[in-house]
Amino acid sequence: MAEVIAVLEELRDITPLTAEAVAARFSAREWTPGSKVRDGVETSWDKGSVGGWIQTFGGGAVSVSFFVWIRDVDESGYFDDLDAVYEQGEQVLADFLPKIEESPLAGHLIEAEPTEADTDEFIRLKKWTLGGRILTAGAIQHDTDLPVMVVVVLEERA
């Protein structure tokens, strides 16, 4: 998880945030490319048990996401005890938040209120502004048959 903080610290100073610049930081920090190239840029990266990916949107918006914990579905294809899995995700998030809040990033973070869309999307989350960007850490499940993950997302909107 220290690798996530290290990359975020480096990305804080990159203006504007571009997919190419983010990919260069992953590469320089010796993350392994995942062979998912979009518009000529590697968008999927791994280091140890952590994954990172880069998304670009219209107008130049860029999102850099990291999954720091993932719990896949049970053999049944679903979660046999979804509440317990959500609790695990919430605990991993609670353990990870101090790593962000006690890192060198802390002096640059301003706590932000989650939007209604955030609370609909995440099981639990914490959100900050970081310069002109949004940093969100949260437990999330995109659909009932998909994994529960703890993610950290840095977004720069166009």
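The values are calculated or read from the model by the stated rules, or taken from the named source; none is laboratory data. Note that the structure is a prediction, hence the values are computed from the model and not measured. Neighbour counts are summed over all protein chains in view; Cβ atoms, including those assigned to glycine, are modelled from backbone coordinates with ideal geometry. Heads up: the accessible areas ignore ligands, DNA and RNA and are worked out on the full protein's heavy atoms, side chains in. Shrake-Rupley method; radii C 1.70, N 1.55, O 1.52, S 1.80 Å.
Odds and ends about this structure:
- Condition check for residue 74: at pLDDT below 95 and open to solvent by less than 50 Å² (accessible area, probe 1.4 Å): yes
- Among residues of the range 107-133 that are loosely packed, with under 15 Cβ neighbours inside 10 Å, those with a beta-carbon under 6 Å from a residue that is of a type in the set (A, V, I, L, M) and modelled with pLDDT of 95 or more at least six positions away or on a different chain give the pairs 129/110; 129/112.
- Unmet criterion (only one of (1) buried (at least 17 other Cβ atoms within 10 Å of the Cβ); (2) more than 17 Å from the chain's Cα centre (by Cα); (3) at pLDDT 90 or above; (4) not small (Gly, Ala, Ser)) for residue 68: (2)
- Any hit, the range 18-39, residues being assigned to a strand (DSSP E or B), among the aliphatic types (A, V, I, L, M) and touching a helix residue (DSSP H, G or I) at 6+ places or on another chain (Cβ under 7 Å): no
- Test for residue 44: is it touching a Pro at 6+ places or on another chain (Cβ under 9 Å), surrounded by 14 or more Cβ atoms within 10 Å (Cβ to Cβ), within 21 Å of residue 149 (Cβ to Cβ) and among the polar types (S, T, N, Q): yes
- Residue within the range 56-64 that is open to solvent by 20 Å² or more (accessible area, probe 1.4 Å), under 15 Å from residue 1 (Cβ atoms), outside any helix (DSSP H, G or I) and at pLDDT below 95 present: no
- Residues within the range 27-39 that are surrounded by 13 or more Cβ atoms within 10 Å (Cβ to Cβ) and touching a Lys or Arg at 6+ places or on another chain (Cβ under 8 Å), tallied: 3
- Boolean, residue 84 is modelled with pLDDT under 95, part of a helix (DSSP H, G or I) and open to solvent by 30 Å² or more (accessible area, probe 1.4 Å): yes
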